[in-house]
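Just so you know, all these numbers are worked out from the coordinates, no wet-lab data involved. All figures in this text were calculated on a predicted structure; none of them were measured in a lab. Here the Cβ positions follow ideal geometry from the backbone for every residue, glycine too, while neighbour counts run over all protein chains shown.
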Amino acid sequence: MSGEDDVIDNLIIAGKKVRSRLITGSGKYRDESIIPQVLAAAECDIITVALRRVDFDNPSENILKNIPKGKILLPNTSGARNADEAVRIAHLARVMGCGDWIKIEVINDQRYLLPDNQETLKAVDILAREGFVVLPYMTPDLYAARRMVDAGAAAVMPLGSPIGTNRGLKTLELIEILVNEIKVPVIVDAGIGRPSHAAMAMETGVGAILLNTAIATSEDPVAMARAFKLAVEAGRMAYLAGMAAQSRTARASSPLTGFLDESGNHLKSGV
Amino acid sequence: MSFYEKIKQYRKFDFEAFFSSVKDETVRRILEGDRLSELDYLALLSDTAGKHLEEMAQKAAFLTRRHFGNVIFIFTPLYISNICDNVCAYCSFARQRHIDRRHLGYEEIRSEAQRIGSKGIRHILVLTGESKKAVGIDYLRKSIEIISEHFSSVAIEVYPLTKEEYGILCAAGVDGLTIYQETYNEEAYRQYHQGGPKEDYRFRLDAPERACLADIRTVTVGALFGLYETRTEAFFTGLHAAYIHDRFPRVDVAVSLPRLRPLAGEFDSPHSLDDRQFVQFLTATRLYLPFAGITVSTRESAEFRNAILSIGVTKMSAGVSTSVGSHSGNPSTSQFEIADTRSVEQMKTDLHKMGFQAVMHDWSNQLVR
């Protein structure tokens, strides 16, 4: 992929350069042994794994065996229902050799699976002080995002729509505000169901996309992973290229005010 | 507040008249929507909705895969005592039955746990009969502590406990509760349970709430189909799960639809539930509660379980015995005859063939203790 670095710029998280702006998950697959092929097709550098699914006592069943070496492992705290549980899960991840990166996921509602920003903020505060690279999954709220960044979050991860729904960027307006105001990468996490959703998110200037369901439950996860890779790259390129503004009304190619000159007078036609 | 208040609201409700009033248009309107009301759910249990079963199943399958993915969570039951003080008309463990009674000592429990664990099972469901004398809270606590050493997640299906007792067992390693109301109809409940502490309908009905207050993580509820009119039993099962979710949204709520099986006590079921109706209730429950787990036990045959897998099931047992001491080669009388005798490995292979991953490990109490 050399040469593309000129066009596809790098994502920087906590000082680490990450080439791919697509992050994938590891759950919901009908067969986990396909994960290496999916990661290869997605060309992603970061993969998130729910620590709840890792059976450290049983290596032959351990999901980590399917994660190729060289990837950044982003364990997540799925199953945590408050800050305390998220912190404990993060500690265990570190002890078990999963590294210092942690995606905070604190969920208190099993119907919509929406993240609890208040508890998440508490966990960010504790874990960032302890030296973790903390990426909080959050409901897109400017004040909560600012507080998480102040507490040491290396990125913020607002949801596009409820996790697993594939409904796309229902929170677009709020995510755009985060992109404008938050100085760490904004990573859209959850809700991205189609490559067009991913491209649209990237066009707004978000740093990266994290998605799982759309790839894991598609009929051909490998092909879908490649489709998302291309969409993320296209969206990023479009953002960097500076997209033409949209308008609800038609714009004539020939300007209507072309008869005015720089001095403020109208141009004499000489006729 | 108690779920009892919700049941009371429907005491004078004319279910038959409601079912008769459900039109095809009603069912179509419900299937086009996203969020079902209580009465929408009830309408999907009607005979009219039964004519739309394929459409219901398609939507149920879609919702299940969207929320849970292409996976089935696997667990195994571990019976540690069949001593029971209750007089339940339909149960082979009931006090009046002359059966081989077994009550495992702690070393026997350790041995059973080791044997089950060696098969790759990481999630266990611990079952007992009801006897405060033989199966007291201290015995349960010590048993759970031993069992927790061998499994990542431990659920219980025991007699209803107080909030404090649930707290003791949670501290010992329990994270899940399964408790069936048997029948939600209070009058029928009284007729089936004439003797023993199980006579107390309310104490059993409120047990899931007490467990939630003791901070349990998952709760599975349901009725035993065969004891009372099946559509209302399905209705109150779904309402019970929804009620628990509304009060404790952090808790993973699940339902099961167990059907009465042949047993040592020879009980004739007055309200049978046929396969087609079972599938209708399963799909209606999925549409009403897209986020709820749905467990199907070995009361159902391997063939039937395979057939309904993709429609809405999320959790299945494998390598099952319903007798005490069976994993160590010394089984007592079974609670009921199982219809699916597949081993853990057979189940994993079969699921794989059908495009599902058998998930053996989905939680560990070590994560938060």
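Take every Cα pair under 8 Å in the range B:157-272 that's 6+ residues apart, average their separations, divide by the length, and report that relative contact order as a whole percent.
Worked out over the range B:157-272, it gives 29 percent.
Output the relative contact order of the range A:4-244, whole-number percent, from Cα pairs under 8 angstrom with separation of 6+ residues.
19 percent
Nearest 20 debye, what's the magnitude of the dipole of the protein assembly as shown about its Cα centre given +1 on Lys and Arg Cβ and -1 on Asp and Glu Cβ?
Dipole size: approximately 460 debye.
Please enumerate, by chain and number, the lysines with C-alpha under 30 Å from the C-alpha of B:LYS133, excluding those fewer than 8 residues away in the same chain.
In chain and number order, the partners are B:LYS142, B:LYS163, B:LYS198.
Just how large is the dipole of the range B:152-238 about the Cα centre, in debye to the nearest 20, putting +1 at every Lys and Arg Cβ and -1 at every Asp and Glu Cβ?
The calculated dipole for the range B:152-238 is roughly 60 debye.
If I take R0 = 25 Å and measure r between the Cβ atoms of A:LYS69 and A:TYR143 in this structure, what FRET efficiency does the formula 1/(1 + (r/R0)^6) give, to the nearest 0.05?
Step by step, r from the Cβ atoms, then E = 0.05.
Just to confirm my understanding: which cysteines in the protein assembly as shown have no other cysteine beta carbon less than 4.7 Å from their beta carbon?
A:CYS44, A:CYS98, B:CYS84, B:CYS170, B:CYS212
Determine which lysines satisfy two conditions relative to A:LYS69: a Cα distance under 18 Å, and not lying fewer than 8 residues away in the same chain.
Partners within reach: A:LYS16, A:LYS17.
Straight-line reach only, C-alpha to C-alpha below 20 angstrom: list the aspartates and glutamates that B:LYS59 could link to, leaving out same-chain residues fewer than 8 apart.
Hits, sequence-local ones excluded: A:GLU219, B:ASP24, B:GLU25, B:GLU32, B:ASP34, B:GLU38, B:ASP40, B:ASP47, B:ASP275.
For B:LEU78, list long-range residues whose amide hydrogen, built 1.01 Å from N in the peptide plane, is under 5 Å from its own amide hydrogen.
Correct list: B:LEU125, B:VAL126, B:LEU127.
Report, by chain and number, residues whose modeled amide H sits under 5 Å from the one on B:VAL71, excluding near sequence neighbours (fewer than 5 apart, same chain).
Excluding prolines and chain starts, which carry no amide H, the hits are B:GLN357.
How big is the charge dipole of chain B about its Cα centre, in debye rounded to the nearest 20, if each Lys and Arg gets +1 on its Cβ and each Asp and Glu gets -1 on its Cβ?
580 debye
Below 8 Å between Cα atoms, with a sequence gap of 6+, how large is the relative contact order for chain B in percent?
Reported as a whole number, the value is 23 percent.
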